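A short write-up of the structure that comes next.
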Amino acid sequence: MAYTLEQFSQECHDAYKADQGEKGLEQVRQCLEKALRDEAFVSTHMGPDNTNPRTILYEDPEFGFCIVAHVHTGPKGGHPHDHGPTWAIYGQAEGTTTMTEWKVVKQGSASEPTLVEPEKTYEMTPGTAVAYPPHTVHSPDRKASTKLIRIEGKNLDHVERNPYKAANEAA
Ligand SMILES: [Fe+2]
């Protein structure tokens, strides 16, 4: 039976209401993987007629987290970033994202970006989701078109982000 957006968002809501820490985030991540592995879900929300880089499918009225569909066309390199004070869960629906996580080597200031070094790089393939707690610096990279479903702890249209720069590019 198909996993609907109503079921998916309700399960995320219930899990997050029960625990807004690591445990809740892990449960929400598992719900996202369930959605990504449901062909009907993916084709309903990310079929060929959806070419939008960013579509908010659901915004939680109580907690403000958002389920967002992303259709990315062509290759693109990513820059290290975080999501400010909120978390994000990246889920791969189609294609491959090469994700790098970065560690902070020098805190920035009002005029200088924070310097970071790559810590680990891995491939995200369809059906997998990874949670990034607040202030986790990451950069998604793709060599071809991808489709993603991400859950943002807060609608990132309204979140201020910190500037980051790779330490080896800062000299
Ligand atoms: Fe991100």
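Values quoted throughout were computed directly from the atomic coordinates according to the rules given, and no laboratory measurement underlies them. Values in this document were obtained by computation on a predicted structure and should not be read as measured data. Cβ: placed from backbone, ideal geometry, glycine included. Neighbour counts: every protein chain shown.
What distance in nm lies between label points placed 7 Å from Cα along the C-beta direction at V159 and E117?
Going from the V159 label point to the E117 one covers 2.7 nm.
On a 0 to 90° scale, report how tilted helix 22-36 is relative to the longest principal axis of the chain, with both axes built from alpha carbons and the result rounded to the nearest 10.
For helix 22-36, the angle is close to 60 degrees.
How high is the relative contact order of the stretch 25-70, given as a whole-number percent (alpha carbon pairs under 8 Å, six or more residues apart)?
Relative contact order here is 26 percent.
Using just the helices of the chain, give the 222 nm mean residue ellipticity in deg cm²/dmol: DSSP H runs with n ≥ 4 each add -39,500 (n - 2.57), and the total is spread over all residues, rounded to 500.
-6500 deg cm²/dmol
With everything on Cα atoms, drop me the angle between helix 5-18 and the longest principal axis of the chain, reported from 0 to 90° to the nearest 10.
60
Over what distance in Å are the Cα centres of the stretch 29-100 and the stretch 145-171 separated?
When both Cα centres are located, 13 Å separates them.
Run the quick spin-label model on Q7 and E62: label points 7 Å from Cα toward the beta carbon, then report their separation in nm to one decimal.
The answer from the label model is 2.1 nm.
All other residues with a Cβ under 10 Å from the Cβ of P133 taken together, and with Lys, Arg as +1 and Asp, Glu as -1, what is their net charge?
Cβ neighbours under 10 Å give a net charge of -2.
Count charges around E59 for me, please; just the other residues with Cβ under 12 Å from its Cβ, Lys/Arg as +1, Asp/Glu as -1. Write down the numbers at each step before the final one.
Working: positive: K154; negative: D60, E62, E152, D157.
Result for the neighbourhood of E59: -3.
Counting pairs of alpha carbon atoms under 8 Å apart in space and at least six apart in sequence, what relative contact order in percent does the chain give?
Across the chain, relative contact order equals 28 percent.
Using a ≥ b ≥ c from the Cα gyration tensor of the stretch 1-70 (square roots of the eigenvalues), is it rounded, prolate or oblate, where a/c under 1.5 gives rounded and otherwise the larger of a/b and b/c decides, a/b for prolate? Could the numbers behind the result be given before it?
On the way: a/c = 2.24, a/b = 1.59, b/c = 1.40.
Prolate is the answer for the stretch 1-70, as a/c is 1.5 or above and a/b outweighs b/c.
Determine the shape class of the stretch 5-169: with a ≥ b ≥ c the square roots of the Cα gyration tensor eigenvalues, call it rounded for a/c under 1.5, and otherwise prolate if a/b is greater than b/c, oblate otherwise. All intermediate terms of the calculation are to be shown ahead of the outcome.
Working: a/c = 1.91, a/b = 1.34, b/c = 1.43.
Oblate, since a/c reaches 1.5 and b/c is not below a/b.
List, in order, the whole-Hz ³J(HN,Hα) value for each residue of the stretch 47-55 obtained from phi through the Karplus relation with A = 6.51, B = -1.76, C = 1.60 and θ = phi - 60°; use x for Gly and Pro.
x, x, 6, 8, 10, 6, x, 8, 10
Mind listing the phi-derived Karplus ³J(HN,Hα) values for the stretch 110-115, rounded to whole Hz, using 6.51, -1.76 and 1.60 with θ = phi - 60°, and x for any glycine or proline?
4, 10, 10, x, 6, 8
Report the residue, chosen from A129, A93, A40, that carries the largest GNM mean-square fluctuation when the chain is represented by alpha-carbon nodes joined by springs under 10 Å.
Result: A40 has the largest fluctuation of those listed.
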